[in-house]
Each structure stands twice: as structure tokens, then as C-alpha cells.
Amino acid sequence: MWWLFSRKGPSGFSRSSTAEEVTHGIDGTSLTAIVTGASSGIGSETARVLALRGVHVTMAVRNMAAGRDVKEAIVKEIAGAKVDVMELDLCSMASVRKFASEFNTKSLPLNLLVNNAGIMATPFTLSKDNIEVQFATNHLGHFLLTSLLMETMKKTAKESGREGRIVNVSSDGHQLAYREGIRFDKINDQSGYSSFAAYGQSKLANILHTNELAKRFKEDDVNITANSLHPGVIDTNLFRYNGIINGLTQKLGRYVFKNVQQGAATTCYVALHPQVKGISGEYFSDSNLAKTNAQARNVNLAKKLWDFSMDLIK
């Protein structure tokens, strides 16, 4: 069975490739990145590997103690690693605004924005802004963060002459979304709520957001790309809200799922690899181009979501 996982795609990489392998030989010493959700799972591995390649990484984390522990481990492992930790709670628009304001005040360049953080299949809950928490955390928080950092990214791309990259970690779970895709009129409706469909909705929103960004960058001739990706099914704490699935992952995970090093590979590939230069509005899996479902390619749905999201963050 394992030979199937190691079959290489056109990029030269496969499902079993690790983040270190897909970035081997890449020099990122002149780059600055933000990685959300970097205190655990594939977020922490993404931050570590970017730092390993010389990127100045800002870890945007909700749990500052966990974030500091990850930073300490990275700095201890990698001589000269440049890593900062800043607090960010994506389900609070006030927290997102505070983070962006503090980052922009530092006058740092920003080449890479990796929107990685996410939650999965939670019981029905409202965010601090009274928005269904998966939609708020996985999509809206990142939508607002991206908007608030956009001018810094545009300035960096213009002054450095280097392409900026926005990487949105989505999932093949976007195919689990509600039949209508995005429930614009029922985002906060508890009746008919499905934890997995709501997760799928938020992951579909990640792809639609990416595609609309790419379209706008092209129209405005901005030297920034936006791409989304499926990291793979990974044995992380995303399954903590479902006891049965979590139990299965504990027993079978190492035999069936990717490990964290493999799970972070596609993110690091899309963020750093020269093969991705100039590519925008695409979806990746296993460090290769991949396909989404029809809803994720719906340009009208992407525009409607953009307008809907803009109204929510006002």
C-alpha cells in the first residue's frame, strides 16, 4: 500500500514528502512570514521549517504559553532562527484588529501570509462577535486579517520586487459543505446545524476567498499570489470534538494518516517553492496541483462571499 503514497506527481513530490524535503535547498533569508495557528500541529511544523530556511517568522497564536514553548524549541534547534510570537484569537475581530495593528506598527516587511489556523466539527457555538464559530475562526478571522495586512504586503512586494504569497490552508472537507455551499441567510442558525457541514462550509469559504483574492490581484496588477490547499488527513488535535473519530485516530492514525512533517509539506511548498512562482488562484494537495468541487470554482459564489464577509467585518 505504501508505494501508492510515495508516487511522485509532476512537482517531483508525493503524499509522503515532508516539509523539509519540499523546501530543501531553498534560501528564505530575505523573507518575512506570518503563520497563524503556529503553536501546534502543522502550524508549528510550518513555522519551524520556514525558520529553518531562513525566513523571519511571526507565530500568530491564541495560546501564548504554547507559542513561546514552540519558539523556544525552534530557536534551540536552529542556530540564528528569527522567530517572534504574537497573540491572535481568530474568533475575535477585536483580537485580529489588535494583532494587525501591532504588526503593522513594527514596520516589518511581509512576504508570506500563511492562514493555517483552524477548528473542526465543533458543537454549535457563537464567536465573541456572535458568528458561528467555525465560520468565524476558519474563514472570517483570516479574511479580516488578510484585509488588514494587505497594504503591508503590497508595499513589500513593490519595494522588494519579490512576489508576495498568501497561502490559505483549506481541506478536501470543503466537499462536506451544506448543499447550498455557504448558508448566507443561516450562518448563525442552530436549527439544521451540522458540525461537519459547517466545517465544510468554512473550508469552502477558504477556497472561494483565495480565488477572489487571486482575481483581484490580477485585475490590479499586484505582485501577490493567493493559493489554497489540502494538507491531507493528519493525526492532530483537530478531531478532539468527536470522541469516536478521535479514538480511531489514536489507534489507526500512524497507519492511515499523514504525520505532521508530511502534513506541513504542501503549505511549505506553496509558500516557498520556485515552482509555484506566478501561480495564483489554484488548489494544491500533496505538493501538486489538485482539483476542487464545482462550488469552489463558482466565481459568483466567491464574489457573493467576499461582499458578505466585508459586511460582517465593518
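The values are calculated or read from the model by the stated rules, or taken from the named source; none is laboratory data. Because the structure is predicted, anything quoted here is derived from the model rather than measured. Every residue, glycine among them, receives a Cβ derived from its backbone with ideal geometry; neighbour counts consider all protein chains shown.
Things to note:
- The single residue among Asn211, Asn168 that is within 16 Å of Ala117 (Cβ to Cβ) and either among the aromatic types (Phe, Trp, Tyr) or touching a residue at least 12 places away in the same chain (Cβ under 8 Å) (or both) turns out to be Asn168.
- First in segment 250-271 and assigned to a loop (DSSP other than H, G, I, E, B), second anywhere and modelled with pLDDT under 55 and surrounded by 12 or more Cβ atoms within 10 Å (Cβ to Cβ), Cβ under 6 Å, 6 or more apart: none
- Evaluation of Glu282 against (1) of a type in the set (Asp, Glu); (2) out of contact with any Leu (no Cβ under 7 Å at 6 or more places or on another chain); (3) on the phi < 0 side of the Ramachandran plot (one fails), failing number: (2)
- Ala94 being closer than 30 Å to Asp311 by Cβ, hydrophobic (A, V, I, L, M, F, W, C) and either surrounded by fewer than 20 Cβ atoms within 10 Å (Cβ to Cβ) or at pLDDT below 95 (or both): yes
- Tally of residues being out of contact with any strand residue (DSSP E or B) (no Cβ under 8 Å at 6 or more places or on another chain), part of a loop (DSSP other than H, G, I, E, B) and among the hydrophobic types (A, V, I, L, M, F, W, C) across segment 157-188: 3
- Filter result (in a loop (DSSP other than H, G, I, E, B) and free of Cβ contacts under 8 Å to residues at least 24 places away in the same chain) within segment 102-154: Lys106, Ser107, Thr125
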